[in-house]
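The values are calculated or read from the model by the stated rules, or taken from the named source; none is laboratory data. Predicted model, so just to flag it, every value in this text is computed and none were measured. Every residue, glycine among them, receives a Cβ derived from its backbone with ideal geometry; neighbour counts consider all protein chains shown. Each accessible area value is taken on the protein alone, full model and side chains, heavy atoms only, with ligands, DNA and RNA left out. Shrake-Rupley method; radii C 1.70, N 1.55, O 1.52, S 1.80 Å.
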Amino acid sequence: MISVMIKIAFYCYIACFVSVTHALYPSSSDVIDLTPNNFNKLVINSDEVWIVEFYAPWCGHCKSLVPEYTKAASALKGVVKVGSVNADEHKSLGGQYGVRGFPTIKIFGSNKNKPDDFNGQRTAQGIVEAALKAAREKVEGQMGGGKKKSSGSSKDDVIELTDDNFDKLVLKSDDIWLVEFYAPWCGHCKNLAPHWAQAANELKGKVKLGALDATIHTSKASQYGIQGFPTIKYFPAGPKTASSAEEYDGGRTAGDIVTWASNKAAENIPAPEIKQLTGEDVMKSNCVDHPLCVVAILPNILDCQSECRNSYLKTLAALGDKYKKKMWGWIWSEAGAQPEMEDALGLGGFGYPAMSVFSPKKLKYSILRGSFGHDGINEYLRDLSYGRGSTFPVKGAAIPSVQSIAPWDGKDGQLEVEEEIDLSDVDLDDLSKDEL
């Protein structure tokens, strides 16, 4: 019996330890823990005004904010909801709302799809004042606009499609489309309607949602083989034909539709540019502004000519495309061109090519120990994405300094030709021994 109790106590200790290490706010706090699983339900689809902090557990400023943010949450209880997102763990939410640093506080007021940035003082008083202002603005807007209309209940965001406008709006656009083929008498279609409208509102700017009455516009319904109602078809981004249509196989709630469509939209994220590190501007845009930065150091052009170098860049581009959803930055440099970078990331002295991945926020890095080929790098990056592998602190505890250099011209390297000295006109007999 004692043994069992000890085990239970041990497991409770472990559970509490894990919770503490991954969250800044205890479950007993008035700050509500938000995740990708509950964010839309609690924040986007609710009528309440929300103050949401996006934080990282390792962030010193985030830890300093905890007492003030907790105090604000308690003061606002029953008036404005206060939540927090571990954006280091739930990167998809942080990316969705353009979070670039920690802590970032957003105010979800009248327009939940376009939250406002909190730019006030990071004190309980400053947060409370901003929250009350947002709540007051929402109330005044509802009074001025007459009867309150739910942000997701309007059909204005669902585009009405017909036999005449379908090809122009859907096939000839570069947008992603979800199209519902419905019948007015269909009970399932009526049940779907509010969810479809709400999803259209939430996906505005990312995915377009349309609806076609298949009982009237029979030409398009026939073209796409509609046999039952509602039927939903997906049309990808870019140039399209009728054969581009795919079956929608997600759920029928607004949350299901938004999640399914968002995942499809993520597949259309362009591959990152594998950019040569030529200066501080490239360092910031292609490295520092990303959660992780992949740094490749390629051999000197004299040791690896253009065909050789381009083969390495081709491999990096393929892997950049494979991991594009991670939103990592990718840069490369020639051996010896950026010595401080190599030194800070432990890349000197091991030969080239070499690779390191570092976190600009945590100032830690990991080194590729395997082969510098597609399979070796892929295995290395896959392990990193799962949180595996050893990490080391960046030397100097700061973003490495970068030198401004000329970009590679894409050509083979050429040895500098030394100027030859013509000694034919020199009479060595005239030179004294001292001169020799």
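Pairs of Cα atoms nearer than 8 Å and 6+ residues apart set the relative contact order; for region 215-340 it is 28 percent.
Across region 352-398, the mean sequence separation of Cα contacts (distance under 8 Å, 6 or more residues apart), normalised by length, yields a relative contact order of 37 percent. Coupling constants for region 264-279 follow from the phi torsions by the Karplus curve (6.51 cos²θ - 1.76 cosθ + 1.60, θ = phi - 60°), and in residue order they are 5, 5, 5, 5, 9, 5, x, 5, x, 7, 8, 9, 5, 7, 10, x Hz; glycine and proline get x.
Report relative contact order for the chain in percent, whole number only (criteria: Cα-Cα under 8 Å, sequence separation at least 6). Reported relative contact order: 10 percent. I want the antiparallel fraction of DSSP beta bridges within region 128-271, as a percent rounded to 5. If I count the DSSP bridges inside region 128-271, around 40 percent turn out antiparallel. Under 5 Å between amide hydrogens, built in the peptide plane, is the criterion, and for Phe54 it picks out Val85, Thr104, Ile105, Lys106 among residues at least 5 positions away or on other chains. Near the amide H of Leu292, within less than 5 Å, lie the amide hydrogens of Gly329, all on another chain or at least 5 residues away, with H placed in the peptide plane.
Overall, region 162-229 carries a charge dipole of about 120 debye about its Cα centre when +1 sits on the Cβ of Lys and Arg and -1 on the Cβ of Asp and Glu, all other atoms neutral.
A cut-off under 13 angstrom between Cβ atoms defines the neighbours of Ala397, and their net charge, with Lys, Arg +1 and Asp, Glu -1, is +4. For the residue pairs Lys264/Lys324; Lys206/Lys240; Lys240/Lys275, the alpha carbons lie more than 20 Å apart in Lys240/Lys275. Give me the distance between the Cα centres of region 102-142 and region 310-349, rounded to whole Å. For region 102-142 versus region 310-349, the Cα centre distance is 40 Å. The Cβ shell under 13 Å around Glu137 holds other residues with a net charge of 0, Lys and Arg each +1, Asp and Glu each -1. Our helix-only sum for the chain, with -39,500 (n - 2.57) per DSSP H run of n ≥ 4 divided by its residues, gives a mean residue ellipticity at 222 nm of -10000 deg cm²/dmol. With θ taken as phi - 60° and the Karplus curve 6.51 cos²θ - 1.76 cosθ + 1.60 applied, the whole-hertz 3J(HN,Hα) list for region 393-398 is x, 4, 4, x, 6, 7 Hz, x standing for glycine and proline.
Taking all protein chains into account, the per residue accessible area for the chain stands at 56 Å² (1.4 Å probe).
Rounded to whole numbers, the Karplus 3J(HN,Hα) couplings from phi for region 337-345 are 6, 10, x, 5, 5, 4, 5, 5, 9 Hz, using 6.51 cos²θ - 1.76 cosθ + 1.60 with θ = phi - 60°, and x at Gly and Pro.
Summing +1 for each Lys or Arg and -1 for each Asp or Glu among the other residues whose beta-carbon sits under 10 angstrom from that of Tyr182 gives -1.
Scoring 31-39, 288-296 by mean Cβ neighbours within 10 Å over their residues and listing the highest first yields 288-296, 31-39. Identify, among Asn40, Ser401, Ala75, the residue whose Cα sits farthest towards the positive end of the charge dipole of the chain, taking +1 on the Cβ of Lys and Arg and -1 on the Cβ of Asp and Glu, with the dipole about the Cα centre. In the chain, that residue is Ala75. Just one of (i) 23.0, 73; (ii) 29.5, 114; (iii) 21.9, 62 is Rg and Dmax of the Cα atoms in Å as worked out from the coordinates here. Which one is it? Identified label for the calculated read-out: (ii).
Heavy-atom surface analysis with a 1.4 Å probe gives the chain a carbon and sulfur content of 52 percent of its accessible area. Sorted on the mean count of surrounding Cβ atoms within 10 Å across their residues, most packed first, peptides 255-262, 192-199 read 192-199, 255-262. Taking every DSSP bridge with both residues inside the chain, close to 50 percent are antiparallel. Taking the Cα centre of region 208-254 as reference, the dipole from Cβ charges on Lys and Arg (+1) and Asp and Glu (-1) amounts to some 140 debye.
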